[in-house]
1. Is it the case that region 386-407 has a residue that's of a type in the set (Phe, Trp, Tyr), farther than 24 Å from Pro314 by Cα and either under 18 Å from the mean Cα position of the chain (by Cα) or buried (at least 21 other Cβ atoms within 10 Å of the Cβ) (or both)?
2. Test Gly495 against the criterion of being in a strand (DSSP E or B), under 28 Å from Gln342 (Cβ atoms) and small (Gly, Ala, Ser), and give yes or no.
3. Would it be correct to say that Arg519 is more than 30 Å from Asn548 (Cβ to Cβ) and assigned by TED's automatic domain parsing to the domain that holds Leu532?
4. What number of residues within region 469-487 satisfy the criterion of being part of a helix (DSSP H, G or I) and hydrophobic (A, V, I, L, M, F, W, C)?
5. Based on what the data block shows, is Gly579 within 25 Å of Ala488 (Cβ to Cβ), in a loop (DSSP other than H, G, I, E, B) and either modelled with pLDDT of 95 or more or not assigned by TED's automatic domain parsing to the domain that holds Pro340 (or both)?
6. Could you tell me whether any residue of region 370-386 is outside the structural domain of Tyr544 (by TED's automatic domain parsing), assigned to a loop (DSSP other than H, G, I, E, B), in contact with a Pro (Cβ under 9 Å, 6 or more places away or on another chain) and closer than 30 Å to Pro29 by Cα?
7. How many residues are under 16 Å from Lys443 (Cα atoms), of a type in the set (Gly, Ala, Ser) and assigned to a helix (DSSP H, G or I) when one looks only at region 42-74?
8. If you take the residues of region 262-281 that are more than 25 Å from the chain's Cα centre (by Cα) and touching a residue at least 12 places away in the same chain (Cβ under 8 Å), which of them is nearest to Phe306 (Cα to Cα)?
Amino acid sequence: MMRQLSLFPLVVAWAGLTASQAYSVPVDPRPNILYVITDDQRYDSIRAFNHIVRSEDASALGPVKSPHVDRLVSRGTTFINTYVHATGCAPSRASIHYGRYPHHSGVYQFEYHHNQASHFASTLPEAMRDLGYQTFHVGKLGVRLRTFANGQMRSHAMYDQDVKFQAMRADGLTDWSKGEVSEINGQPLPTKVHGDWFYTPGSGSSFDVTSGELNELAGFETHSQAIDQKYDLLRMYNSKKPKGYGRGEIIGGVSPKPAGQTRDGHYVTELDRFLSHPNAPLTVGRQTYRGVDPSRPLFAHLGFDFPHTPVLPPKSFRDQFAGYTYRVPEVDPAERDKLPPQLKKLVTQNASDHYTDKEKQQMVRDYFAFCAYGDQLVGEAADRFIAFSEAQKRPWTIVYVCGDHGWKLNEHGAISKFTPWNIDSQNPIVIVSSDTDRFPAGKVVTDFTEFVDIMPTVLAAGGADLRDPRFGFLDGYDLAQVAAGHRAPRDYVLGESHHVTGPRASIRTQAFMYSLKVRPHTRRGQDQDWTLKATDLELEPVLYDLANDPDELNNVAHEPAYAEVARIMKTKLIDIVIGDGRVEVDWTKPDTVYRFESFAPGADDKKISLP
């Protein structure tokens with residue numbers, strides 16, 4: 001039984017408003033809904049999840065701190081065995097916003113896609129708008145949806161109002177950014193800057209644009225050896241990306257700005273400003289938006305960037321972890337020998353076992369410190385949202401998702417994502433609601449759940465009748481029904497990821513995880529029968545016996561003792577992701593949808609029988 005954690009008191013009054021004078025009682029009694037997701041966050045960065053999974057507060061690697069999410073767990077219902085469908089940011093977030101598996105949406109990696117394809121259905125925020133909700137997003141969205149007009153891809157606004165980091169970064173509202181920049185706060189730089197760049201705590205609108213040296217600009221710093229040393233930056237390096245300043249993604253370091261003033265901190269600030277200034281015109285940098293409309297229910301989405309690279313915790317949080325020593329996973333050379341080419345490629349490209357012991361300790365410490373900082377921001381956002389809703393006298397629901405996928409910290413010899421291993425794929429959901437009958441406090445659901453469950457859950461909370469034919473495209477379940485035991489448990493969860501590793505699908509049960517190469521390439525619609533004709537060697541199967549190998553280190557796909565298990569899981573997986581309504585799309589054209597022959601309709605019945 002999980003220990004109940006003490007609650008922090010909620011602040012019901014803020015920005016000069018009190019519960020009695022801020023808002024009148026709404027005519028529409030439906031709840032305000034806040035959907036929060038973090039980026040590249042492992043589940044074991046949360047103490048409460050470790051307690052549920054392994055009966056210890058610490059990760060297997062060492063200490064973590066998450067008092068605010070722990071508090072949400074104590075107040076809400078945790079779906080601990082939730083799994084992603086794609087272990088890359090964009091396709092994972094697409095499955096949430098579309099309520100569909102990748103093989104039904106046709107979004108498999110980081111491709112820009114559009115809503116003119118004949119199979120395209122509603123997005124989550126647009127469906128909520130149709131239900132009468134106002135919609136608001138701040139932070140990272142990560143869904144590369146466009147619209148096709150006059151032969152060209154054009155931007156498409158899913159949310160009524162969207163405060164984006166991309167626009168904030170040139171306004172001095174972040175600690176770090178990357179890419180080309182030619183001006184800051186409207187003032188031109190002497191030359192265009194490429195690569196990553198930083199803002200110091202003193203940054204603002206006064207930049208010395210007459211200086212010939214970019215590093216001398218007040219508050220603006222480009223990458224250099226001095227900057228790497230100043231912020232103690234640890235960058236990814238290997239034989240193809242040799243060690244050196246300004247090279248490789250930042251996997252450790254300290255933020256140039258204090259807590260609350262980073263890009264994630266600004267997201268919470270703008271959410272608060274939106275909630276505390278009803279119907280008022282608001283400006284952040286060069287973006288304008290309007291405060292909340294109290295007469296309508298709200299669906300808000302807060303997309304954090306932490307702990308995605310660059311891993312730059314503020315100093316106050318980094319200092320909390322300075323004294324910890326972590327048990328960095330050791331690499332077994334025998335594991336790599338049993339991996340197929342696809343997974344060997346990923347491990348090779350993102351290898352991490354060559355880092356020094358000091359560097360390994362830094363990458364783990366700084367990652368967990370960054371998660372701890374983000375935990376505080378999650379708590380602030382949740383408290384402000386609840387206070388707003390209660391001042392408004394409206395019910396509320398918070399859907400918190402721990403990462404759009406996980407992140408390896410030397411597991412399997414890599415530091416990365418993109419693979420079907422558990423550390424990349426298990427990302428629990430916590431739902432906290434004023435309706436504790438739907439989502440009881442302290443309840444832990446161990447049934448398999450999936451990211452496609454988020455859209456139907458939010459829609460149902462907003463009053464949608466999921467039996468309506470217009471919602472027939474949804475692949476997931478209402479999690480309130482799962483929590484109440486009204487849905488038969490799934491025997492398995494599904495995944496399919498194409499980015500970096502190459503096209504690979506997986507099926508996971510409580511006892512086994514099986515994955516294979518599902519397509520020969522990423523050219524959509526070609527070689528549609530390849531998977532059925534490919535040899536076992538070409539399919540590159542991986543099978544793990546989770547009871548005896550919970551860390552997924554020993555591939556037994558080719559061992560005779562597991563031949564029947566491998567055969568059943570291979571057949572089931574191929575029948576579902578290839579033979580049960582698969583769609584592939586040429587997104588460069590208005591409507592070029594390749595529909596595969598459905599040779600196994602109904603294969604995805606959530607049941608599998610294994611010896």
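1. yes
2. Considered against the rule, which asks whether it is in a strand (DSSP E or B), under 28 Å from Gln342 (Cβ atoms) and small (Gly, Ala, Ser), Gly495 comes out as yes.
3. Yes, satisfied.
4. Counting residues in region 469-487 that are part of a helix (DSSP H, G or I) and hydrophobic (A, V, I, L, M, F, W, C) gives 5.
5. It is true that Gly579 is within 25 Å of Ala488 (Cβ to Cβ), in a loop (DSSP other than H, G, I, E, B) and either modelled with pLDDT of 95 or more or not assigned by TED's automatic domain parsing to the domain that holds Pro340 (or both).
6. no
7. Counting residues in region 42-74 that are under 16 Å from Lys443 (Cα atoms), of a type in the set (Gly, Ala, Ser) and assigned to a helix (DSSP H, G or I) gives 2.
8. Ser276
The values are calculated or read from the model by the stated rules, or taken from the named source; none is laboratory data. Everything numeric in this text was worked out from a predicted model, so none of it was measured. Every residue, glycine among them, receives a Cβ derived from its backbone with ideal geometry; neighbour counts consider all protein chains shown.
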